[in-house]
Amino acid sequence: MMHKLKVEDLSNVCHCNKFKFQSSDETPILLNTVGQDRGIQAIQTGLNTRADGFNIFITGPVGSGRNSTIKAILDMVSSQKVTPHDWCYVYNFNDANRPKAINLEPGEGREFVADVDELIVMIKERVTKAFESEHHDKERSKIINEISKKSTILTENINKLAAELGFQVNSSPEGIFTVPIKDDKPLKPEEYQNLDNKEKEEIDKKREVLQKEINLVIKKGQQLERTLRKKLAELDKRIGLFAVEVLIDELKTKHEHNPKILVYLDALKEDIINNISFFKDNQKQKNPPLIPGMPGDQPSKEDFFKRYHVNLVVDHSKTRGAPVFREINPSYYNIFGSIEYIQRYGAMQTDLSYIRSGSLLNANGGYLIIQASDLLSTPFLWENLKRMMKSKQCIIENLDEQLKIIPTVSLKPEPIPLDIKIILIGTEWEYSLFYQYDGDFRKLFKIVSQFDYEMNRNQETEELYASFVGTHTKQYNDTVKLSGEAIAKIIEYGSRLVEDKNKLSTQFGRVLDIVHESIHWAEKEKKDIVDRSHVLKTIQEKRYRSNLYEEKIHENIHQKVVRIDTEGKQVSQINGLSVIGIGDYMFGQANRITASSSIGKGNVVNIEKESRLSGPIFDKGVFILSAYLSQKYASNRHFPVSIHLCFEQSYGGVDGDSASAAELIAILSSISGISIRQDLSITGSIDQQGNIQPIGGVNAKIEGFYDICYREGLSGNQGVVIPWQNVQHLMLREDIKEAVKQEKFHIFAIQHVNEAIELFTETSIEEFDAEVEKKLDQFVQVSKSFHQNQKENNN
């Protein structure tokens, strides 16, 4: 039965006298998230399950507390976890392009870096002193003198042989040559040429014998030089080892619990001994080569000693528990790390000290939070994240390594094992996008945490809501507080956001916007407490900032540019209701719906569809009302009427089936000729039996028609007809409730379209149906006569 609503039906008023507090500073501190039990339980399951793939995707509307909730949970959970290892990269003495990764206990990384730096400084000092010592000079001189004596003997022997054979041995930068002697004087070339052949032959034979001996001496001399270098190098290594070994052994003892460090220190010692000359050479650095890196170039001492630098890429010295990272700028390099380059002498150079970690590595052993929208909008981000999650390795490489056509030599740091929980935060649409189009996603993110946009409203949740408002008020402003009445109005606003008397919105961001702006208005009035009037003003101001387009429409209606009748009666015309959304603001709009009927084949022509202005749900609604007409009025006869249905002065798209009840009444009015009240409007869809079904945006629709009537002048008869199921969704404005209270405006709830027909036509349904049947019979007779005449004319 049709029900005329009372003021009490139009909203769920929150009475502040039910609370134990008088203002927000008396509310309990809220520590947990309100209204998201399902989502929180899913998060806890994902965090506590250590099996592969139990990463978490949190879905829900913006402002529902997804970010703050996961942060609060992770802060609590991470504090109870073990702090993960530090990680550093060290030089690979076997392959300089592949730095080695070493993991250390938390906080030990900084200490190890300092130890190695100090070690190199001390080695430089001790090696320098060792090579400047008297002992070293004596040992070096001894070796040199020993080899020098052997070299002198060789020289003396060759000189003695040369004298016996009558030659003089001379040396020059070009080599060693022999000169024959005659009469105790060296022969000049022209003198040699003047000798007879026999004498020349004798000299050449002696020269040949002497040259063979000289060649042997040269070989022995070269061998002595090699021996000298070898013995001097052995001396350097022995002296260097003596200076280095004790220092490195001390460091090995300190880090004996870490096998990777021991292996590195052994390789470090060997490399220092093999390159001890860099430690003892105190000459200034020479000018750099024109083309660094060309064969034959020797590295400068500065470049050489970079190999002994330890690059601490992950430092947990100040971390307590497991790390929690929320990447707010998720570029490729910010997440995966990078290898930086510097420009030197016209070339781009790098070394292991320019390896940088990203948030993925910094959060290793803990938790990384990323917005799903960033993964979708940033190239290569998702594919690389997925690959590293599957391989359980964090690989630091620049993006160009994956894109360049010609491979070039670059650093390839050793991958670091990955043990991390990834938390993605996004919408249901983003989750569906990943799930449907990436088969790996469902294996990697097995936990979906759904954050609801609403929660039940009862005494307990109202108190939690009040605690939430009070807690955030204290955090935001310690001088202004909210009164109990203000908090009660904010609770009502929470119900209005979800359009349900028995629900509250969990989009707390929007609720807090009201709180903060209400505080602003109180401060502007120099008051230290926010009362109900400040909250009402905030809601009013928020509406005023967004309703320019709505005001323009109402102005056009008032000026009769757009025709909407709010009084009188019309045949075939009815006021329907729709909603328009602009950002987060939604308002109701009245639509003049008309129908026309004529003799035809029983079809309903949807002008919106023919104009390609209707959506699929709108078209479905028209099909349903066509089915209703057929089953009610054409069950045992032909339906002889063609009907045209139109949204007048509608120049944009229209969708939804909430106007199907209005369309049906307009059609039946057109057939019957019975006029329809124009001071009423209706919203509601119908099924094939004429039952009224609920619709969305009921508050905006009622308020939209009320605003039109108010501007045109309230007659006391105007009102809106809504589905009975939508009564629970009513959270109307105060001015509308006051108008209903004073009987200046009316709201009716119906269950069947027949109730609406009686209300709009002020005729009983029996009389109305009889008139419709009568007109249909007339259409049938006219149709028969028309076809009979046409048949006779054809004959």
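The values are calculated or read from the model by the stated rules, or taken from the named source; none is laboratory data. The model shown is predicted, which means the values in this text are computed figures rather than measured ones. Heads up, the Cβs are rebuilt from the backbone with ideal geometry, glycines too, and the neighbour counts pull from every protein chain shown. Please note that ligands, DNA and RNA were not included when accessible areas were found on the heavy atoms of the full protein model with its side chains. Shrake-Rupley method; radii C 1.70, N 1.55, O 1.52, S 1.80 Å.
Numerical summary
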quantity	calculated
Carbon/sulfur fraction of accessible area - the range 355-504, other protein chains in place, 1.4 Å, %	51 percent
DSSP beta bridges in the chain [antiparallel fraction, %, rounded to 5]	60 percent
Residue-normalised accessible area of the chain, expressed per residue, 1.4 Å probe, Å²	52 Å²
Label-point gap, in nm, between GLU118 and GLN393 - each point 7 angstrom along Cα→Cβ	3.6 nm
Leading residue at positive end of dipole, the chain (Cβ point charges), from THR683, ASN606, PHE305	PHE305
The chain: proportion of alpha-carbon pairs further apart than 47 angstrom, %	55 percent
Accessible surface, 1.4 Å probe, highest first, among residues ARG140, ARG344, ARG496	ARG140, ARG496, ARG344
Pairwise label distance in nanometres, ASN603 with GLN436, each label 7 Å out on the Cα-Cβ vector	3.3 nm
Rounded Å value of the spacing that divides the Cα centres of the range 374-428 and the range 572-626	51 Å
Under the Karplus curve 6.51 cos²θ - 1.76 cosθ + 1.60, θ = phi - 60°, whole-Hz ³J(HN,Hα) for the range 88-103, x wherever Gly or Pro sits	9, 10, 10, 5, 9, 6, 8, 8, 4, 8, 10, x, 8, 9, 10, 9
Lysine pair count for the range 468-549 [Cα-Cα under 23 Å; pairs on different chains or 8 or more apart]	27
Dipole of the chain [Lys/Arg +1, Asp/Glu -1 at C-beta], most positive-end residue of LEU361, VAL179, ILE667	VAL179
Largest to smallest accessible area among GLU256, GLU454 [probe 1.4 Å]	GLU256, GLU454
Rounded to the nearest 20 debye, dipole of the chain from Cβ charges on Lys, Arg, Asp, Glu	1560 debye
Additional length obtainable on full extension of the chain from ARG637 to ASN556, 0.36 nm per residue less Cα span	24.6 nm
Whole-Hz couplings from phi, Karplus 6.51/-1.76/1.60, listed for the range 422-436; x for Gly and Pro	9, 10, 9, 10, x, 9, 4, 5, 5, 4, 5, 4, 4, 5, 7
Dipole-positive endmost among ASN194, ILE273, ILE143 within the range 141-277 (Cβ charges, Cα centre)	ILE273
Extension gain from LYS219 to GLU525, taking 0.36 nm per residue of separation minus the Cα-Cα distance	99.6 nm
Heavy-atom accessible area order for TRP87, TRP724, TRP429, largest first, 1.4 Å probe	TRP429, TRP724, TRP87
Using θ = phi - 60° and Karplus 6.51 cos²θ - 1.76 cosθ + 1.60, couplings along the range 635-641 (whole Hz; Gly, Pro as x)	6, 10, 7, 6, 8, x, 10
Computed E for ASN97/LYS150 - FRET, C-beta separation, R0 45 angstrom, nearest 0.05	0.50
Cross-link reach list, aspartates and glutamates versus LYS150, counting only Cα pairs under 18 Å and skipping chain neighbours closer than eight places	GLU139, GLU213, GLU225
Accessible area of LEU444 in the full protein assembly, 1.4 Å probe (Å², nearest 10)	20 Å²
Sites ASP400 and GLU139, calculated FRET efficiency, Cβ-Cβ separation with R0 45 Å, nearest 0.05	0.30
Relative contact order [Cα under 8 Å, 6+ residues apart], the chain, whole percent	17 percent
Accessible-area value, ASP513, 1.4 Å probe, nucleic acids and ligands omitted, Å²	90 Å²
Förster radius 25 Å - calculated FRET efficiency between SER764 and SER596 (Cβ-Cβ, nearest 0.05)	0.50
With DNA, RNA and ligands ignored, accessible area of GLU460 (1.4 Å probe; Å², nearest 10)	120 Å²
Full-stretch length increase - VAL246, SER377 - with 0.36 nm per residue and alpha-carbon distance subtracted	41.6 nm
Backbone N under 20 Å from the ASP513 label point (7 Å along Cα→Cβ), restricted to the range 68-83	68-69
Spacing of the two label points (7 Å from each Cα toward its C-beta) at TYR453 and ASP687, in nm	2.5 nm
